[in-house]
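The block underneath contains the structure these notes are about, expressed in structure tokens.
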Amino acid sequence: MKKYFYLIILFAIITASCDIKKEQKANTEQQPKKPKNIILMIGDGMGLTQMYATYKVKKDNMNIARCRHIGLVNTSSIDELITDSAASGTAMATGEKTRNGHISVDTAGKRLKTILEVAEANGKASGLVATAAITHATPASFIAHNPDRNDYEAIATDFLDTGIDVFIGGGLDHFDKREDGLLLTDSLKARGYDVMTEKEELLNYQGNQLAALLYAKHPPKVYEGRQDFLEKASNKAIETLDKDKDGFFLMIESSQIDWGGHDNDADYVIQETVEFDDIVGKVLDFAEKDGETLVIITADHETGGMTVTGGSLDGENLEYHFSTGHHTPLFVPLFAYGPGAEEFTGIYENTAIFDKMMQVFGFENKE
Ligand SMILES: [Zn+2]
């Protein structure tokens, strides 16, 4: 009798594992090999410690942890161990290392084509969302070309020359309160953009070409008045771009994790990272339903040399230390979900993020 009992158990285990294997196989077979859409999410200054602190604050439960494919990224710029957001943004956007302060130009000032421009040239829709002025280093790296990241008015002008479909952030002054007196919002309207300056309008927007400049300069901190801006902006960008049958490329940046790091302000860092992880959850929900979207979550560099030196097991009263007010050269983590995610495991340069996006999109070359 006992013998039959073990045979039944054994049989049950074998069939169960076969079922799991079959299911996994089915999943990968169902999943298209090539993503139709890529959503690149950048936590500016978000190193492993910033993520760990958020993981603890969220009671060991983070949306980013839903991604099974993980990599580590080296962020140095072309001639410095420690990068700034411009050089790192350029590396991810163009596949080329450049000098700190440069926006998608090489060391000789030559324009470097970005993944957003290549996606546009291949008939895809494109968008940018940031919790900073949309002319700031990271979003600017995907659309503008300038050796000086602080040349905001020239960077704003570069937005006119691309086919970008949606951009949402701050920086209205760089478009409308300019030294040259130009009103770039009129130029945008002339190019068919729906120009929006009030957050309340965002929810009901149903058009296809949106320039939403919702703050004169940078948006405030998440807990000092920005509230659900990033959620609304990300949802609206995805909803609008997803109408394009050829697919889309979207970059969403949580810009102010970095500013908390520069201030050595752990609360600021964690509040911004917690919000970022909330938005990651919404984006992964979309990707899970959509099935044709690759989501990539990473950082351009770590800021503050942040570490945790104590606290209780439940994550209460964590003790934080910062070793610098600047960026550090530490590896940053990268998480990927969806078709092509398997290409993003391992340790590699930030420039390889561009190469891998080109590869999984099936874009031969960027010219
Ligand atoms: Zn910074």
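Could you order peptides 188-199, 44-55, 324-335, 159-170 by the average number of other Cβ atoms within 10 Å of their residues, highest first? Please list the in-between numbers first.
Details: 188-199: 15.2, 44-55: 23.9, 324-335: 19.3, 159-170: 22.2.
Top of the packing list down: 44-55, 159-170, 324-335, 188-199.
Quick one: if the Förster radius is 51 Å, what FRET efficiency do Ala121 and Lys3 give, using the C-beta to C-beta distance and rounding to 0.05?
Details: r = 68 Å, r/R0 = 1.34.
Working from the Cβ atoms, E equals 0.15.
Can you give the angle from 0 to 90° between the axis of helix 351-361 and the longest principal axis of the chain, with both taken from C-alpha atoms, to the nearest 10?
70 degrees
Pairs Lys113/Lys232; Lys177/Lys282; Lys110/Lys177: which are spaced more than 31 Å apart, C-alpha to C-alpha? Provide the component values of the computation, followed by the final result.
On the way: Lys113/Lys232 29 Å; Lys177/Lys282 35 Å; Lys110/Lys177 28 Å.
Result: Lys177/Lys282 exceed 31 Å.
Rounded to the nearest 20 debye, what is the charge dipole size of the chain about its Cα centre when +1 sits on each Lys and Arg Cβ and -1 on each Asp and Glu Cβ? Walk me through the numbers before you get to the answer.
Values: 36 positive and 58 negative charges, 323 e Å.
That gives a dipole near 1560 debye.
Return the loop-located GluC sites (Glu not before Pro) in region 223-282 (DSSP other than H, G, I, E, B) with at most 15 other Cβ atoms within 10 Å of their own Cβ; answer none if there are none. Show your work: numbers first, answer last.
Values: sites: Glu224, Glu231, Glu239, Glu253, Glu272, Glu275; in loops: none.
Those that pass, being in a loop and sparsely packed, number zero.
Could you work out [θ]222 nm for the chain from helices alone, using -39500 (n - 2.57) per DSSP H run of at least four and dividing by all its residues? Round to the nearest 500 deg cm²/dmol.
Details: 13 runs with 139 residues, N = 367.
For the chain, the value works out to -11500 deg cm²/dmol.
Could you give the angle, 0 to 90 degrees to the nearest 10, between helix 48-57's Cα long axis and the longest principal axis of the Cα atoms of the chain?
That works out to roughly 70 degrees.
Among Leu10, Gln50, Gln359, pick out the residue whose Cα is farthest towards the positive end of the charge dipole of the chain, where Lys and Arg carry +1 and Asp and Glu carry -1 on C-beta, about the Cα centre.
Of the candidates, Leu10 comes out farthest on the positive side.
Report relative contact order for the chain in percent, whole number only (criteria: Cα-Cα under 8 Å, sequence separation at least 6).
Working: 807 pairs, mean separation 108.8, N = 367.
Once divided by the residue count of the chain, the mean separation gives 30 percent.
Hey, what's the Cα Rg ratio for region 34-361 versus the globular rule of thumb, 2.2 N^0.38 Å?
0.92
Show me, for region 127-140, the HN-Hα J-couplings you get by feeding each phi into the Karplus relation (A = 6.51, B = -1.76, C = 1.60, θ = phi - 60°), rounded to Hz, glycine and proline as x.
Working through the residues one at a time gives x, 9, 9, 8, 8, 9, 4, 5, 8, 6, 3, 5, x, 4 Hz.
Angle, helix 2-30 long axis vs. longest principal axis of the chain, Cα atoms, 0 to 90°, nearest 10?
Roughly 20 degrees between the two axes.
Once ligands and nucleic acids are excluded and a 1.4 Å probe is used, how much of Lys282 is accessible, expressed in Å² to the nearest 10?
Surface open to solvent at Lys282 totals about 90 Å².
Only four residue types carry charge here, +1 at the Cβ of Lys and Arg and -1 at the Cβ of Asp and Glu. Report the dipole size of region 195-255 about the Cα centre in Debye, rounded to the nearest 20.
Working: 8 positive and 11 negative charges, 30 e Å.
Here region 195-255 has a charge dipole of around 140 debye.
Using the basic label-point model (7 angstrom from Cα toward the beta carbon), what is the Glu80 to Ile347 distance in nanometres?
Distance between the two pseudo-spin positions: 2.4 nm.
Ignoring any ligand, DNA or RNA, what whole percent of the accessible area of region 34-361 comes from carbon and sulfur when the probe is 1.4 angstrom?
Working: 5910 of 11980 Å².
Roughly 49 percent, rounded to a whole number.
Could you order peptides 296-302, 111-117 by the average number of other Cβ atoms within 10 Å of their residues, highest first?
Working: 296-302: 27.6, 111-117: 22.4.
Peptide ranking by packing, descending: 296-302, 111-117.
Could you state the accessible area per residue of the chain in Å², with a 1.4 Å probe and every protein chain left in place? Walk me through the intermediate numbers first.
Details: 15830 Å² over 367 residues.
In whole numbers, the chain has 43 Å² accessible per residue.
Placing +1 at every Lys and Arg Cβ and -1 at every Asp and Glu Cβ, with all other atoms neutral, what dipole size does region 197-326 have around its Cα centre, in debye to the nearest 20? Walk me through the numbers before you get to the answer.
Details: 10 positive and 28 negative charges, 88 e Å.
In debye, rounded to 20, region 197-326 gives about 420.
Would you list Tyr4, Tyr348 from the most to the least accessible area, probe 1.4 Å? Can you show the working numbers first?
Values: Tyr4 135, Tyr348 25 Å².
From most accessible down to least: Tyr4, Tyr348.
Run the 1.4 Å probe and let me know the accessible area of Tyr152, rounded to the nearest 10 Å².
Here the residue's solvent-accessible area equals roughly 50 Å².
Give me the number: length gained by fully extending His321 to Glu198, i.e. 0.36 nm times residue separation minus the C-alpha to C-alpha distance, one decimal in nm. Walk me through the intermediate numbers first.
Values: separation 123, 0.36 × 123 = 44.28 nm, distance 3.84 nm.
Between His321 and Glu198, full extension yields 40.4 nm more.
The values are calculated or read from the model by the stated rules, or taken from the named source; none is laboratory data. Nothing here was measured: the structure is a model prediction, and the numbers come from that model. Reconstructed Cβ throughout: ideal geometry from the backbone, glycine too, with neighbour counts over all protein chains shown. Note: accessible area is taken over every heavy atom of the protein model, side chains too, but ligands, DNA and RNA are not part of it. Shrake-Rupley method; radii C 1.70, N 1.55, O 1.52, S 1.80 Å.
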